[in-house]
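Quick notes on the structure that follows.
Values in this text are rule-based calculations from the coordinates and carry no lab data. This is a predicted model, so every value here is computed, not measured. So basically every Cβ, Gly included, is an ideal-geometry build from the backbone, and we count neighbours across all protein chains shown.
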Amino acid sequence: MSVTAMEQAHPSVPKARRHGAREAAIAALAVSPAVILLAGLLFGPALAVVLFSLTDWQLGGASFNFIGLANFQALFADALFWKALGNTALYVVLVVPGTVLLGLLVALLIEASPGLRGFYRAVHFLPVMSTMSAMAIVWGTMLHPTIGLVNRLLGVFGIAGLNWLRDEHTALLALALIGIWQGFGFAMVLFVSGLKAVPQQLYDAAAVDGCDGPFARLRLVTLPMLGPVTMFVVILTASRAFEVFDSVRVLTQGGPNYASEVLLTRLYAESFDYLRTGYGAALTVVYLAIVVALTLTQARFLERRVHYA
Amino acid sequence: MATITLDGIRKHYGETEILKGVSLDIRDGEFLTLVGPSGCGKSTLLRILAGLEEQDAGDVSIDGRSVNGTRPKERDIAMVFQSYALYPHLCVFDNIALPLRTRRLSFAQRLPLLGPLVPGRRVIEAGIRAEVEQAAAMLDVTHLLARKPGQLSGGQRQRVALGRAMVRHPAVFLMDEPLSNLDAKLRVQMRAEITALHRRLGVTFVYVTHDQSEAMTMSDRVAVMMHGELLQVAPPEELYRDPQDLRVAEMIGSPKINVLPAAYWHGQGLPLPHCVPASATHVAFRPEASRLGPPADGQLLGTVANIENLGSDLFLHVVLRDGPVQPAVVRLSPEAPRFAIGDAVSLWLDAGRLLAFDGAGRRSATYEQVAA
Amino acid sequence: MSPLSRLLGPILRHALLVLTGAFALLPFIWMISLSLKPPEEIFQPDFQLWPTRFAGFENYATAFTAAPMLRFLLNGALVCGLIFALQLLVCVPCAYALAKLRFKGRDTLFACVLIGLLVPPQALAIPHFVLLYVFGLLDTYSALVLPWIISAFGIFLMRQFFRSIPDEVIHAARLDGLGEFEIIWRIMMPMSAPALAAFGIFSVVAHWNDLFWPLIAVRSEDISTPALGILLFRDDEAGQFLGPLMAGAAIIVAPLLIAFLIAQRRFIDGLAASALK
């Protein structure tokens, strides 16, 4: 129907309404692929995970039964699950402070003066860009008990090295070191952008007010002004650490003796190695719940705490 | 209480010379304003005076004592910044108290957590509290002491910044465009408050602005800067009446002074006004230094292009025949004979108030002024 | 400041940065060094950075021949390129509608996008796997691409950027007779270059480096992406030799690192912008 025909057919419809209808039609066309895919690939599957978690379905199996919360009961009774959860938490607790403090230190040093700024930034950012599975293999050789660089370096100082990745006490520690290695450059970049946003006039005011030593400036101006960025870096680092998988999968497969088993390796093993779909889905639901809860509480905290309003 | 002497201050960033040897004496207790277009070097000069930047050459002395190379905190100055530069994580009280605390508390007493336990701190803190409250009362921000800067309006932040500056009774107050982030109405109000504060404290104020009306209304003396040089330093009234440089004449006063090239008279077949020396290349006159009349022989002729009626004053824009595109602005009182847009008029200049400038833009004395 | 501290400050700064820089770089240096060495030198008790007998050519040749390294890289480029192209096709119109058009359900849709941001992709692995299994698409390129063509993050990022473009631009384009989709592709897209670059870098880096999903969706070497390919190579016979294995690792990480070194600012700004959403 042409516009004039429409006008004749509905002479009483105000022009703005018709314009609105046209806009709505275009909008519908524009959003429909995204809406369909959001439903089909994101929300549908998310719902499916919850449904799977209530069944005893095994992938490839012809039939399944709804078994209520039995999967969850089994999960919470599973020592391995608790072990993986504990390891993940420990990993996060190790990686977050290391990444944040190292990133902050490097950012402060880089921004302290312009010399070689771009060079240092690029050098520290390289690990962020590198493919973890490949670099984990490299780390594996560096942590090798006899030919590895780490033990060779320790040997220079007369310290006897360990078999880091094969030792129950050090496997997770070594993985955390790799996590820090990959993440601190990113934290650095975020801190640098935070530092650039600190107004020079605040440093000037501090100098006039009598604070002109590097540490006094740091305490009075820099660190408080970095508050929001710091909070953000902590959250980001924590959620990334929570999703650790690649390095564990490549280097330890969760071992030795489950000392480095984390949530995602557990999830992978149950769902895709043993094909226990229902059980894997239950694990996924718990994982999802933790991630969402963490993100939401942290976002809350972020809003309340760091906006100096 | 302090005099300030700047002697031959030079500064450049890379190739650009920001300050080309500026010398200036500021008297004790004076309100001196540095005014000039952005990029003229006025803020740099103030920052050098504060010790936030170091000059490449020249001397700064405060109260006869050279302060070259000393740090800002050793100069007994306070500064108010354009963005106020309040510490966003500290409440108003702590912002104002900060300069006192950094000076009076020892390192140990300032430590977080442990500081309050160090002996002597409580007595000092009580003193600080009294002084902060006094300053706050003076600026009418007592009810805001517990708030964070983010919760304040622009005008309130401005007052807190003033409070932080005055609380430790510095010998010199430096202000860098402190009103430019405020809206027009508040700006006028704060002008009056700052001048009142100056009268009350009686210390030396050095104030930087690009707004000539701020300079004119607030200052004891105004230093006009351009391209890293001082053009003229004088009280506002003298600057207006007796500018020594064409650029000063053009910068000071609103509406702007009218400037005509001397060649214009020749082009019109008219002699230069008799008082203007032959060496002059430009003749300038204020809107109030001219009158309008019906077209007459031997006078400058033009057409009324626009009329601004401000109630108390009438400003008529007159496009001169074959003259510059920029119309001449003439101030008339509302009681004067009426003109309408499009009227042909002649422009009568008040010979006693003509300003003549030579090719370099410097003032040439007119014969009237020589006679006077 | 005294002359001494003026000198000491920069020295301390450089010393510390060299130290942390070494921590960042050592794995790369180690990787390159080993990739140039013959086996006997790798196992020597004393370590030398540069090999006495240069075995670089052999090692890299082994890496390229024993495993389809080039194939992995091409797969990576193909998969990342396809994912990003499809993401643009789906997300940009939606982002435009969310930013600039009025329609019923807009706020609901945007809320859905925000909720979508919360869902970690690993949580959807099982249903995605089942979906691909049902359609018989497992172990194909489609399996690597399809789950990712909707990006809540992409919609969000582009929507935020589109909102910062003044409405006047769109009104002017409409007055000039451009259709709404022409406006999207011919006006909004070119104006959004920084946001598109950020989105593109984020998307490509994420999928080039991803191991979790390819490990699930793909079995055959032929369609492995780089991150998975290097694992297959390690578990292969030739991968038992460290020299070729390190050469393989170097080949896998090289493309992104080289791209990064060429366009450092873009990468850093892009990834930082993606994080600071």
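Observations on the structure shown:
- Think of it as helices only: each DSSP H run of n ≥ 4 in chain A is worth -39500 (n - 2.57), and spread over all residues that comes to -22000 deg cm²/dmol at 222 nm.
- Dipole magnitude of chain C about its Cα centre (Cβ charges: Lys, Arg +1; Asp, Glu -1), debye to nearest 20: 1060 debye
- In degrees, nearest ten, helix C:152-164 long axis to first principal axis of chain C (Cα): 60 degrees
- Chain B - share of DSSP beta bridges that are antiparallel (%, nearest 5): 75 percent
- Note on B:W348 and A:S239: the model spin-label points, each 7 Å out from Cα along the C-beta direction, lie 8.0 nm apart.
- Number of partner chain Cβ atoms within 10 Å, mean per residue of C:112-123: 6
- Separation of the B:T142 and C:L137 label points, Cα + 7 Å toward Cβ, nm: 7.3 nm
- Spatial separation of Cα centroids for the range B:1-54 and the range C:209-259, in angstrom: 64 Å
- Nearest-20 debye value, the range B:256-371 charge dipole, Cβ charges on Lys, Arg, Asp, Glu: 220 debye
- Membrane-span-like helices of chain B, defined as complete DSSP H segments with a Cα extent of 30 Å or more along the helix axis and a mean Kyte hydropathy of at least 0.5, are absent.
- DSSP beta bridges fully contained in the protein assembly as shown are about 75 percent antiparallel.
- Rg to Rh, two decimals, where the protein assembly as shown supplies the alpha carbon set and Rh follows Kirkwood: 1.08
- Largest first, the three principal axis extents of the alpha carbons in the range A:163-302 are 67, 38, 19 Å in whole numbers.
- Fully extended contour minus Cα-Cα distance, from B:A278 to B:E250, at 0.36 nm per residue: 7.9 nm
- On Cα atoms only, tilt of C:69-100 relative to the major axis of chain C in degrees: 20 degrees
- Anisotropy class of chain C from Cα gyration tensor, a/c 1.5 cut: oblate
- Helix-only mean residue ellipticity at 222 nm for chain C, each DSSP H run of n ≥ 4 adding -39500 (n - 2.57), per residue, nearest 500: -23000 deg cm²/dmol
- For chain A: rounded, prolate or oblate by the Cα gyration tensor [a/c cutoff 1.5]: oblate
- Rounded FRET efficiency, nearest 0.05, which uses the C-beta distance separating C:L8 from B:A360 and R0 of 56 Å: 0.65
- Here C:R219 and B:Q151 are evaluated by their C-beta separation; at R0 = 56 Å the FRET efficiency comes out at 0.40.
- Rh (Kirkwood; distinct C-alpha pairs) - chain B, Å: 23.6 Å
- When the C-alpha to C-alpha distance is required to be over 28 Å, the pairs from B:K42/B:K148; B:K185/C:K100; A:K196/B:K73; B:K73/B:K148 that qualify are B:K42/B:K148; B:K185/C:K100.
- For chain A, the relative contact order works out to 27 percent when only alpha carbon pairs closer than 8 Å and six or more residues apart are counted.
- The rule of thumb for compact globular proteins, 2.2 N^0.38 Å, goes into the C-alpha radius of gyration of the range C:3-61 1.67 times.
- Chain B: calculated mean residue ellipticity at 222 nm from DSSP helix runs of at least 4, using -39500 (n - 2.57): -8000 deg cm²/dmol
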